[in-house]
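Presented below is the structure to which this report refers.
The values are calculated or read from the model by the stated rules, or taken from the named source; none is laboratory data. Because the structure is predicted, anything quoted here is derived from the model rather than measured. Cβ atoms come from the backbone with ideal geometry, glycine included; neighbour counts cover every protein chain shown.
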Amino acid sequence: MWCFNLIIVITTIVYTTSSPLYDETNLGAGCTITSYSEVNTVVNSCTNIIINGLAVPPGKTLELDLKSGTNLTFQGTTSFGSSTKWEGPLITITGNNIHVNGATGSKLDGQGTNYWDGKGDVNPGKPKFFRIKATGGSTFSNIHLLNCPKQCVSIQNSNQIILSKWTVDVSAGDKNNLGHNTDGFDISDSEAVTIKDSVIMNQDDCVAVNSGKHLHFSNLLCSGGHGLSLSVGMSKTDSSKNQLSDVTFTDCNVTNSRNGIHVKTHSDATQGSVNNITYKNIHLNGITNYGINVQQDYAGGSSNGTPTNNIPIKGLTMNNIIGTMTGPNSEAVFVLCGTSGCSGFDWSGVSITGANKASNCTNFKPPGINC
Ligand SMILES: *[C@@H]1O[C@H](CO)[C@@H](O)[C@H](O)[C@H]1NC(C)=O
Ligand SMILES: *[C@@H]1O[C@H](CO)[C@@H](O)[C@H](O)[C@H]1NC(C)=O
Ligand SMILES: *[C@@H]1O[C@H](CO)[C@@H](O)[C@H](O)[C@H]1NC(C)=O
Ligand SMILES: *[C@@H]1O[C@H](CO)[C@@H](O)[C@H](O)[C@H]1NC(C)=O
């Protein structure tokens with residue numbers, strides 16, 4: 001018996017060390033999903049899952065509620081049928097200590113071209129793409145999303161997760177100005193989330209942070225969209241959903257975008273707070289509207305010119321924000337605070353050139369800014 005066990009152990013070591021692929025394809029054969037009808041059985045019984053070339057039927061969510069500790073790999077193209085108008089999401093991934101990875105060359109294709117009409121959220125019937133609710137050291141790496149119908153990735157109720165090496169490519173939506181509200185990453189009610197080493201090409205916020213704490217973004221390349229944003233005050237009634245603190249953006253590039261950095265609080269929300277936010281080493285290039293825009297007058301999805309103090313911004317650090325702007329509407333810094341809405345701004349090394357309009361600050365002047 002001892003000897004028999006030893007042989008199994010040795011055999012396993014030989015296989016896993018000399019040929020991990022051989023090992024995985026054989027032992028995991030029953031855990032590979034190639035058709036939608038296999039999803040539930042596999043997800044309920046396996047902890048080492050491959051999704052290979054899956055076509056998700058129109059109007060269905062690929063729901064992956066994974067067992068704790070699961071490894072999931074996407075191979076080939078995962079496509080999402082789009083004959084039906086609906087709200088999605090196209091895929092949800094839930095779990096604790098899960099590890100989701102895209103194999104080289106793999107893609108998830110949201111087929112946004114079938115939905116885009118130049119109206120975004122205003123015209124319903126477009127699905128959100130990718131929802132994550134994960135905890136306990138979960139990782140999501142090397143995921144390539146193509147053509148989000150509208151918002152790309154939303155992270156909610158998550159704790160201790162890391163996303164790295166993503167490509168979110170909605171650049172096709174630039175054509176004829178058809179893609180709208182294609183936010184890259186939206187984060188709410190989450191703690192200890194890191195998103196790093198990723199590329200986002202879209203038509204709305206590259207990152208939009210709504211609520212949570214200890215959220216970190218680094219080495220992002222944002223192109224074509226609306227910049228690195230905070231948007232706080234989504235709830236009109238529950239102030240606990242309007243709390244944001246301890247957020248860092250470091251070593252990011254924002255290029256050919258409407259804004260570089262956009263901090264907005266919602267004047268039509270109940271109370272809330274924004275504390276201890278840092279943007280550091282942010283390179284801007286080809287920004288058309290605002291290099292840095294801080295506004296406390298967001299209501300009903302746009303600014304209304306009447307800033308309020310209901311969600312005070314306490315502690316906003318800008319350090320080494322450099323770059324250039326382009327076009328007739330370009331303004332390096334625009335600040336519109338409530339009468340007592342902004343405090344604790346520590347800004348240094350803000351150097352944004354090429355603006356066509358003078359910077360403009362209302363009710364609060366950040367240190368070192370000529371406005
Ligand atoms: C998941 O992958 C990691 C790293 O390759 C491995 O250590 C772990 O045992 C795998 N987990 C499962 C459930 O197969
Ligand atoms: C940002 O641009 C700089 C200068 O071009 C480059 O060195 C750096 O690698 C870029 N970083 C990212 C995340 O794209
Ligand atoms: C501010 O946030 C950073 C990043 O999460 C954190 O390291 C630091 O301790 C926070 N500062 C305070 C005063 O809480
Ligand atoms: C500055 O912005 C405020 C708020 O939008 C506006 O009322 C004011 O006219 C602007 N000042 C200039 C000189 O454009």
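Summary table below
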quantity	calculated
Qualifying positions in the range 126-152 - within 14 Å of V199 (Cα to Cα) and assigned to a strand (DSSP E or B)	S141, H144, L145, L146
Condition check for N242: over 14 Å from the mean Cα position of the chain (by Cα), in the same structural domain as I287 (by TED's automatic domain parsing), more than 16 Å from ligand 3 (Cβ to nearest atom) and not basic (K, R)	yes
Set N293, N310: member being surrounded by 21 or more Cβ atoms within 10 Å (Cβ to Cβ) and not β-branched (V, I, T)	N293
Any chance L221 is away from ligand 4 (no atom under 16 Å from the Cβ), surrounded by fewer than 18 Cβ atoms within 10 Å (Cβ to Cβ) and either under 20 Å from V193 (Cβ atoms) or more than 15 Å from the chain's Cα centre (by Cα) (or both)	yes
Selection from the range 202-218 of residues that are of a type in the set (S, T, Y) and either part of a loop (DSSP other than H, G, I, E, B) or buried (at least 24 other Cβ atoms within 10 Å of the Cβ) (or both)	S211
Single condition V199 does not satisfy, out of (1) under 26 Å from D297 (Cβ atoms); (2) part of a strand (DSSP E or B)	(1)
Number of positions in the range 175-200 that are surrounded by fewer than 24 Cβ atoms within 10 Å (Cβ to Cβ) and either within 17 Å of K126 (Cβ to Cβ) or not assigned by TED's automatic domain parsing to the domain that holds P149 (or both)	7
Number of positions in the range 223-245 that are in a strand (DSSP E or B) and either aromatic (F, W, Y) or in contact with an Asp or Glu (Cβ under 9 Å, 6 or more places away or on another chain) (or both)	3
Every pair of residues 6+ apart whose Cβ atoms lie under 6 Å, when the first sits in the range 293-320 and is in contact (Cβ under 8 Å) with a residue 24 or more places away in the chain while the second is part of a loop (DSSP other than H, G, I, E, B) and away from ligand 4 (no atom under 16 Å from the Cβ)	A299/D268; N309/S340; N310/Q271; I311/G233; I311/G272
Considering residues of the range 338-371 that are surrounded by fewer than 20 Cβ atoms within 10 Å (Cβ to Cβ) and within 10 Å of M318 (Cβ to Cβ) only, the residue nearest to ligand 4 (Cβ to nearest atom)	I369
Any chance T270 is over 22 Å from H226 (Cα atoms) and within 16 Å of ligand 4 (Cβ to nearest atom)	no
Leading residue by the ranking (farthest from the chain's Cα centre (by Cα)) among those in the range 246-266 that are part of a loop (DSSP other than H, G, I, E, B) and within 15 Å of ligand 2 (Cβ to nearest atom)	N256
Residue match in the range 328-337 (condition: surrounded by fewer than 17 Cβ atoms within 10 Å (Cβ to Cβ), out of contact with any helix residue (DSSP H, G or I) (no Cβ under 7 Å at 6 or more places or on another chain) and more than 23 Å from V207 (Cβ to Cβ))	yes
Which numbered condition C222 fails, given (1) on the phi > 0 side of the Ramachandran plot; (2) within 16 Å of ligand 2 (Cβ to nearest atom); (3) not assigned by TED's automatic domain parsing to the domain that holds F129	(1)
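Here's the yes/no breakdown for (1) surrounded by fewer than 24 Cβ atoms within 10 Å (Cβ to Cβ); (2) at pLDDT below 95; (3) closer than 18 Å to N370 by Cα; (4) polar (S, T, N, Q):
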residue: D297; (1), (2), (3), (4): yes, no, no, no
residue: T306; (1), (2), (3), (4): yes, no, no, yes
residue: N319; (1), (2), (3), (4): yes, no, yes, yes
residue: I322; (1), (2), (3), (4): yes, no, yes, no
